Amino acid sequence: MVRFRVLLALVLALSIGAGGPARAGPWPREQGRFFLSTTSTLGAANGWRPQQTEYYAEYGLRPRLTIGAALSTSWRVDYADLFLRWHPLDLPQGLAFGVTSGLRYVPHSIAPYQPFVAVEAGRGMALGEGNLWTQAGVRLYAARVPWGTELATDWSSQVGYARGRWLVMLGATHFRSRQVAITRLRPAIGLRLMDRFRLVAEAVIPPGGRVDAVRIGLWSEF
């Protein structure tokens, strides 16, 4: 039973802790506007071949309400998310705050339905000829399993700077459940290709310092 619980925790960690820079943040999506991204993960243990593809979408339903979805696939469907993000306050001086509620579906897990809630905050500001931002948040997952309810937290933080066609970001994620704790550093660089598209490359680095994976994403906003 102990080994089984550890295995389940690892499955949850791989599915929950794989979020990238395109994950829901504290800033509201403008009403009627879409954000879409496709990200492919190349793993060092897999000979730097693609091992996972993630699709992410957001749509601004109202000035304070954003709906979103995510899908992750490998040789099968790993998970699917559906969520709503609410921005209860109009904050001054580039501050932002969002509350998210959603459901993750993991079809091949002993706990296929995993509701989650999240709280995120951030601030953006002009710096030189570009824009600097910081953000942080935590997402709490609950999974109903035969021996009770398993809880897991996924913490994330990021600082970024965009100027002209380029952006650079430095993020960190920390996933924790009762059995597992996983921390990753996530430096990334992005290049705007056209008005609507941006190519983003991110390295995933565990505490040992060696690159564990590289994520290549294409972002689009319209």
Dipole of the chain (Lys/Arg Cβ +1, Asp/Glu Cβ -1, origin at the Cα centre): which of L127, S101, T41 lies farthest to the positive side?
T41
GNM top mover of Q52, Q31, Q158 - the chain, alpha-carbon springs below 10 Å:
Q31
When the chain is modelled as a GNM with alpha-carbon springs shorter than 10 Å, which of G160, G171, G47 fluctuates the most?
G47
Here, R210 and L191, labelled 7 Å along Cα→Cβ, have an inter-label distance in nm of 2.8 nm
Fewest to most Cβ atoms within 10 Å: E129, E221, E150, E58 sort as E129, E221, E150, E58
Sorted by chain and then number, the residues having a modelled amide H within less than 5 Å of the amide H of Y113, at least 5 places away or on another chain, are V106
Determine the relative contact order of the chain: mean sequence separation of Cα pairs under 8 Å and six or more apart, normalised by residue count, in whole percent.
17 percent
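All of the numbers you see were taken from the coordinates with simple rules; none came from a lab. None of these values were measured; they are calculated from a predicted model. We place every Cβ from the backbone using ideal geometry, glycine too, and count neighbours over all the protein chains shown.
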